[in-house]
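S.K.: Below are the structure tokens for one structure; questions will follow.
The values are calculated or read from the model by the stated rules, or taken from the named source; none is laboratory data. What you see is a predicted model; the values in this text were computed from it and never measured. As a convention, Cβ positions derive from the backbone with ideal geometry for all residues, glycine included, and neighbour counts pool all protein chains shown.
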Amino acid sequence: MQQFHPEIRVRFAPSPTGPMTLGNARTALFNWLFAKHMNGSFVLRIEDTDVARSHKDHERDLISALSWIGITWDEGPSVDGSEGEHGSFGPYRQSARTPIYEEYLRDLLKRGLAYRCFCTKEQLEADAASAVSRGIPHIYSGRCRHADQSDHVQRPSVIRFAMPLRRIVFTDYIRGEVVFDTATIGDIVIAKDERTPLYNFAVVVDDERMRISHVIRGEDHIANTPKQIALQEALGFATPIYAHLPLILASDRTKLSKRTADISILNYQQRGYLPEAIMNFLAFLGWHPHGVESEKELFTPLELMRSFDLSRVQKAGAVFNPEKLDWLNGQHIKALPIAELYQYCLPFLLSDNRQHSHSFSSQQLMGIVRLVRDRLTVLSDVRSETEFFFQLPSYEKELLVWKTDSIEHTHAILRRVRELFSSISEDECTAHFLSPAFEPLISEHGKGSVLWPVRVALSGLRGSPGPFEIAEVLGVAEVIRRLDHALTLSS
RNA sequence: GCUCUCAUCGUCUAGCCCGGUCUAGGACAUCGCCCUCUCACGGCGGAAACGCGGGUUCAAAUCCCGCUGGGAGUACCA
């Protein structure tokens with residue numbers, strides 16, 4: 001076995017057969033974090049050898065998801081989704097690397113390390129069925145190993161690798177020593193023909209040609225590893241260091257599937273998750289920092305980069321826990337500078353042609369965001385949380401009445417409040433001024449009796465921010481309008 | 001079936017490599033209390049785990065073996 005490539009180079013190699021999933025994103029993240037921490041290179045390679053299942057739409061989805069989360073690549077396709085790419089080990093799309101694979105394929109064929117197989121699907125299925133019934137692993141019989149190779153132009157065939165019979169041992173960075181016996185693997189198909197390589201073959205060629213030093217990928221690839229190592233040896237390639245990440249599981253502890261939660265990561269963007277929250281969350285699915293940081297939960301991308309240690313990733317699969325993601329997102333929202341949060345909220349705030357009985361300046365809008373910030377779990381919550389600023393919801397008059405109060409008493413208090421507001425200037429309509437101004441009323445009637453009806457009159461809601469804060473953004477005129485409405489309702 | 005793999009609160013995990021400091025720590029969720037005009041936020045507190053059985057040892061969550069249970073792979077997909 002040759003030594004691995006000395007310079008740290010990792011790759012994230014998704015196949016564009018579907019949108020970017022949580023599992024994919026985490027694999028990408030761990031590769032990226034590892035590369036950044038070690039000062040190595042992160043390569044993005046598109047594994048689109050299966051033309052029938054690969055789509056440009058998915059490739060674009062993958063690329064925009066990656067850049068949204070904040071994962072950047074040193075080599076690979078252009079970020080803009082064009083056909084361009086950067087880096088000196090390309091092309092970075094397997095579909096553009098056909099001649100490279102062909103060369104190695106022909107070499108293997110010529111040296112007799114690979115051969116054409118003419119077996120039909122029916123034959124293969126029969127072989128498998130019989131193996132299962134006898135309780136032995138169903139591997140290819142090797143029937144065509146010594147078949148006449150000359151007539152492959154006429155008869156349909158595939159290319160198989162003549163798997164040498166032996167033990168293959170590799171040391172997984174996360175799991176330690178893993179042993180396979182190639183007798184349980186058999187002669188695998190490595191290409192449909194010289195110009196159509198299959199996954200295991202293409203990966204081996206690319207990892208070598210791109211000088212990949214560490215292959216960090218999902219645990220579902222662990223069984224592919226001995227196949228790839230055998231191929232590397234046949235081709236005289238180096239064997240990278242392997243690190244197999246535990247899977248992200250659904251709540252039933254099975255692999256996260258499309259229909260559970262493993263939908264496109266971009267859905268999380270649309271629902272108002274912060275990229276840094278997603279990154280923080282994903283990083284902690286299966287990994288945990290060491291030492292003094294082991295009880296810290298909130299990490300910025302930079303902090304993750306600094307603390308990341310591949311050898312500390314968990315061996316067991318991790319269940320995806322949406323509640324924790326929500327909490328983390330809320331925490332990241334609270335930690336965001338208000339101006340930045342405001343920018344994030346803007347698309348949700350002004351997303352459609354909602355009825356504005358009231359229009360606000362950006363200064364006011366930012367004030368509104370500040371008021372509801374602590375109530376946001378996802379950014380899209382800003383929509384419902386701020387609705388009442390734009391349009392007073394209709395409410396029952398009973399809602400105005402504080403606990404033991406009567407509607408008459410409430411009405412009387414609201415009259416006094418209206419008088420107070422009609423006597424103040426716009427500049428005085430601030431929480432700072434209002435709070436002491438309400439003091440006499442409150443000491444006379446009690447906090448609840450005053451504040452509750454005012455707050456309901458201004459918000460129309462059972463729960464909301466405080467009345468003074470609302471008044472401050474609404475302004476005197478709108479406050480009086482809403483008080484008048486409450487007065488009419490309660491009379 | 002076969003191959004590989006994993007195993008600490010419901011969930012994410014610290015501790016395990018280098019046995020004693022673990023009456024097992026943190027976080028999410030949950031329950032209670034406090035803050036409070038309300039809802040959130042926040043603060044405080046509670047309940048909650050070393051899968052089982054052997055062994056090694058003065059001593060095991062930590063080391064070894066077995067069992068059980070889970071997961072993944074088993075394609076002319078990746």
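S.K.: Can you say whether A:Ala243 is part of a helix (DSSP H, G or I) and either within 13 Å of RNA strand B (Cβ to nearest atom) or hydroxyl-bearing (Ser, Thr, Tyr) (or both), as far as the supplied structure shows?
M.R.: Criteria not met by A:Ala243.
S.K.: Considering segment A:183-235 alone, what residues qualify as being within 13 Å of RNA strand B (Cβ to nearest atom) and at positive phi?
M.R.: Passing the criteria: only A:Gly186.
S.K.: On to the next question. So the check is Cβ under 8 Å with 6+ separation or different chains; which pairs have a first residue in segment A:76-87 that's acidic (Asp, Glu) and a second one that's assigned to a loop (DSSP other than H, G, I, E, B)?
M.R.: A:Glu85/A:Ser78; A:Glu85/A:Pro91; A:Glu85/A:Tyr92
S.K.: Among the residues that make up segment A:392-400, is at least one of them outside any helix (DSSP H, G or I) and over 42 Å from the mean Cα position of the chain (by Cα)? Quick ask: steps written out before the conclusion?
M.R.: Taking segment A:392-400 and keeping what is outside any helix (DSSP H, G or I), we get A:392-396.
Filter once more, keeping what is over 42 Å from the mean Cα position of the chain (by Cα): A:396.
Yes: segment A:392-400 contains one or more residues that are outside any helix (DSSP H, G or I) and over 42 Å from the mean Cα position of the chain (by Cα).
S.K.: OK, next. Looking at (1) near RNA strand B (Cβ under 9 Å from one of its atoms); (2) of a type outside the set (Phe, Trp, Tyr); (3) under 19 Å from A:Leu66 (Cα atoms), which one does A:Gly272 not meet, given that it meets all the others?
M.R.: So the condition that A:Gly272 fails would be (1).
S.K.: In segment A:290-316, which residue that is exposed (fewer than 13 other Cβ atoms within 10 Å of the Cβ) and under 24 Å from A:Glu177 (Cβ atoms) is modelled with the lowest pLDDT?
M.R.: That would be A:His290.
S.K.: If only one of A:Ile168, A:Ile248 is more than 30 Å from A:Val319 (Cα to Cα) and crowded, with 20+ Cβ neighbours inside 10 Å, which one is it?
M.R.: So the residue among A:Ile168, A:Ile248 that is more than 30 Å from A:Val319 (Cα to Cα) and crowded, with 20+ Cβ neighbours inside 10 Å is A:Ile168.
S.K.: Please find, within segment A:132-182, the residue that is nearest to RNA strand B (Cβ to nearest atom) out of those that are more than 23 Å from A:Leu108 (Cα to Cα) and among the charged types (D, E, K, R).
M.R.: Only one residue tops the list, namely A:Arg175.
S.K.: Still on this model: Kindly evaluate A:Leu371 against the criterion of being in contact with a Phe, Trp or Tyr (Cβ under 7 Å, 6 or more places away or on another chain) and at pLDDT 95 or above. Reasoning before the result, please.
M.R.: Details: in contact with a Phe, Trp or Tyr (Cβ under 7 Å, 6 or more places away or on another chain): no; at pLDDT 95 or above: yes.
Taking the combined requirement at face value, the residue does not satisfy it.
S.K.: Exactly one of (1) under 22 Å from A:Phe438 (Cβ atoms); (2) surrounded by 18 or more Cβ atoms within 10 Å (Cβ to Cβ); (3) not small (Gly, Ala, Ser) is unmet by A:Phe360. Its number?
M.R.: (1)
S.K.: Given the options A:Leu365, A:Leu349, name the one that is at pLDDT below 95, more than 16 Å from RNA strand B (Cβ to nearest atom) and under 27 Å from A:Pro322 (Cβ atoms).
M.R.: A:Leu349
S.K.: Can you tell me which residue among A:Thr196, A:Thr184 is at pLDDT below 95 and within 28 Å of A:Glu102 (Cα to Cα)?
M.R.: On the way: A:Thr196 fails: at pLDDT below 95.
Matching residue, one of A:Thr196, A:Thr184: A:Thr184.
S.K.: Considering segment A:93-108 alone, what residues qualify as being more than 10 Å from RNA strand B (Cβ to nearest atom), buried (at least 16 other Cβ atoms within 10 Å of the Cβ) and touching a residue at least 60 places away in the same chain (Cβ under 8 Å)?
M.R.: Scanning segment A:93-108 gives A:Arg97, A:Thr98, A:Ile100, A:Tyr101, A:Glu102, A:Tyr104, A:Leu105, A:Leu108.
S.K.: Here is a follow-up. Provide a single number: the residues in segment A:31-47 that are buried (at least 22 other Cβ atoms within 10 Å of the Cβ) and within 12 Å of RNA strand B (Cβ to nearest atom).
M.R.: Number satisfying all stated conditions: 2.
S.K.: Sticking with this structure for a sec: Going by the structure shown, is A:Glu478 under 27 Å from A:Arg373 (Cα atoms) and not in a loop (DSSP other than H, G, I, E, B)?
M.R.: The answer is yes for A:Glu478.
S.K.: Further question: Inside segment A:74-114, can you point out the residues that are at pLDDT 95 or above and on the phi > 0 side of the Ramachandran plot?
M.R.: Matches in segment A:74-114: A:Gly76 only.
S.K.: A follow-up question, please. Somewhere in segment A:251-268, is a residue within 13 Å of RNA strand B (Cβ to nearest atom), modelled with pLDDT of 95 or more and touching a Ser or Thr at 6+ places or on another chain (Cβ under 8 Å)?
M.R.: Scanning segment A:251-268, I find no residue that is within 13 Å of RNA strand B (Cβ to nearest atom), modelled with pLDDT of 95 or more and touching a Ser or Thr at 6+ places or on another chain (Cβ under 8 Å), so the answer is no.
S.K.: Within segment A:391-407, track down each residue that is among the charged types (D, E, K, R) and over 13 Å from A:His445 (Cβ atoms).
M.R.: A:Glu396, A:Lys397, A:Glu398
S.K.: Considering (1) under 30 Å from A:Glu340 (Cβ atoms); (2) within 40 Å of the chain's Cα centre (by Cα); (3) touching a residue at least 40 places away in the same chain (Cβ under 8 Å), say which one A:Cys429 fails and leave the rest.
M.R.: In the conditions (1) under 30 Å from A:Glu340 (Cβ atoms); (2) within 40 Å of the chain's Cα centre (by Cα); (3) touching a residue at least 40 places away in the same chain (Cβ under 8 Å), A:Cys429 misses (2) alone.
S.K.: For segment A:48-66, name all the residues that are aliphatic (A, V, I, L, M) and away from RNA strand B (no atom under 11 Å from the Cβ). I'd like the intermediate steps shown before the answer.
M.R.: Our first condition is that a residue be aliphatic (A, V, I, L, M); within segment A:48-66, this holds for A:51-52, A:62-63, A:65-66.
Listed by number, the residues that qualify are A:Leu62, A:Ile63, A:Ala65, A:Leu66.
S.K.: Could you tell me whether A:Leu66 is modelled with pLDDT of 95 or more, in contact with a Lys or Arg (Cβ under 8 Å, 6 or more places away or on another chain) and either buried (at least 22 other Cβ atoms within 10 Å of the Cβ) or among the hydroxyl-bearing types (Ser, Thr, Tyr) (or both)? So that I can check it myself, show each step before the final result.
M.R.: Numbers: modelled with pLDDT of 95 or more: yes; in contact with a Lys or Arg (Cβ under 8 Å, 6 or more places away or on another chain): no; either buried (at least 22 other Cβ atoms within 10 Å of the Cβ) or among the hydroxyl-bearing types (Ser, Thr, Tyr) (or both): yes.
Spelling it out, it is not the case that A:Leu66 is modelled with pLDDT of 95 or more, in contact with a Lys or Arg (Cβ under 8 Å, 6 or more places away or on another chain) and either buried (at least 22 other Cβ atoms within 10 Å of the Cβ) or among the hydroxyl-bearing types (Ser, Thr, Tyr) (or both).
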